[in-house]
1. Take each uninterrupted DSSP H stretch in the chain, measure its Cα extent along the helix axis, and return the ones at 30 Å or beyond whose mean Kyte-Doolittle hydropathy is at least -0.5.
2. Among Val142, Val130, Val237, which comes first, then next, by fewest other beta-carbon atoms within 10 Å?
3. Quickly rank 2-10, 84-92 as a protection proxy: mean count of other C-beta atoms within 10 Å, highest first.
4. If R₀ is 22 angstrom, what is the calculated FRET efficiency for the pair Glu58 and Asp12, using the beta carbon separation as r and rounding to 0.05?
5. Beta carbons within 10 angstrom, averaged per residue: use that to sort the peptides 152-159, 199-206, highest first.
6. Placing +1 at every Lys and Arg Cβ and -1 at every Asp and Glu Cβ, with all other atoms neutral, what dipole size does the chain have around its Cα centre, in debye to the nearest 20?
7. Using Cα springs under 10 Å in a Gaussian network model of the chain, which residue among Gly37, Gly240, Gly213 shows the largest mean-square fluctuation?
8. Work out how much length Ser319 to Thr93 would gain on full extension: take 0.36 nm times their residue separation and subtract the Cα-Cα distance, in nm to one decimal.
Amino acid sequence: MVTIAVDAMGGDKAPVPEVEGAIQAAKQFGHRVLLVGDRAAVQRELDGHPSAKQLPIEIVHAPERITMDDHAAKAARSKRESSMHVCARLVSTGKADGFISAGNTGACMAIAKMVFGKLPGVDRPALSGVFPTIKGTPVVVVDVGANVDCEPQMLAHFGLMGEVYSRHVLKVKKPRVGLLSIGEEEHKGNALTRETTPLLKVMDLNFIGNVEGRDIFSGAADVIVCDGFVGNVALKVSEGLVEMIRLMLRESLEATLSRKIGYVLSKSAYRDFKKRVDYSEFGGAPLLGVKGVCIICHGRSDSNAIKNAVRIAAEFASSKVNQRIEDELREYAKAG
């Protein structure tokens with residue numbers, strides 16, 4: 001049985017969605033879940049779900065909590081008994097196969113790097129976001145915020161790590177890897193993209209060259225590589241755009257539909273649209289390149305997002321993604 005530790009105190013509405021998501025994951029996937037946080041607060045929430053008593057769910061006490069307002073690096077160093085720290089230690093000591101958190105992203109990354117360490121050959125761990133595409137297949141964007149300043153070698157590693165994740169967790173047979181730039185032509189872009197291109201070309205990847213911002217959603221690539229500054233801007237713009245379209249579409253439907261049958265049909269189409277662009281279906285963003293499984297979720301994550309983050313963490317661990325990344329980086333270093 002795969003065991004996943006859940007930071008029960010991380011999200012904006014913790015521990016409610018964390019507990020509900022853990023219950024859903026244990027029921028649907030059969031995974032063992034360790035809810036890490038203030039024992040009394042977590043137990044109170046669990047007591048509201050009598051069915052949880054029959055599930056493989058346990059509470060692990062953590063007396064401290066890192067908030068969204070905490071300075072990431074400072075909190076990572078000083079709050080050693082925080083729920084995030086305890087989650088990471090459960091993984092490092094083999095008591096859990098991975099952990100998820102919807103808490104302070106910077107602190108979570110710092111703690112994962114501090115407790116797990118980097119995989120051999122990795123310059124910098126990277127945060128990988130999963131986006132929906134018009135073709136119905138997910139695209140992995142690496143990096144979406146862990147490294148705002150990058151070197152070409154780092155982007156090359158991002159491409160390899162994203163390709164392994166896409167292939168073994170998202171089950172894409174031969175992922176197409178693209179480099180995010182301002183034009184498809186190889187000479188376009190900045191110094192970073194132009195210097196990264198030859199590195200990606202010599203790697204054992206299905207590298208398709210430069211892709212543009214619109215290709216994040218077109219399905220033209222399965223993995224898109226960029227620095228964390230650009231990737232984070234793309235992520236936040238995408239979240240804002242999806243929310244705007246969702247609200248505008250709902251307002252238009254409610255304002256213009258008069259026939260009951262048309263309203264029902266349009267509500268069904270709206271629900272389908274919402275599901276296709278819902279971030280909670282993808283759970284969270286894996287931190288690639290560390291010696292452990294860490295999935296970082298949105299602070300607003302609901303129970304569905306937590307449930308799917310548990311699923312992703314379990315699939316990541318079961319697929320031995322870290323070992324595969326380490327092996328392929330070793331082969332790349334030999335070839336270079």
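1. Within the chain the helices that satisfy the rule are 228-256.
2. So the residues, fewest neighbours to most, are Val237, Val130, Val142.
3. Highest-to-lowest ranking by the protection proxy: 2-10, 84-92.
4. For R0 = 22 Å, the calculated efficiency reads 0.35.
5. 152-159, 199-206
6. Roughly 840 debye for the chain.
7. Highest fluctuation among the options: Gly240.
8. Extending this stretch completely gives an extra 79.4 nm.
FYI, it's all coordinate maths here, none of it is from the lab. Computed from a predicted model, the values in this text were never measured in an experiment. When we count neighbours, we look across all protein chains shown, and the Cβ atoms used for this are built from the backbone with ideal geometry, even at glycine.
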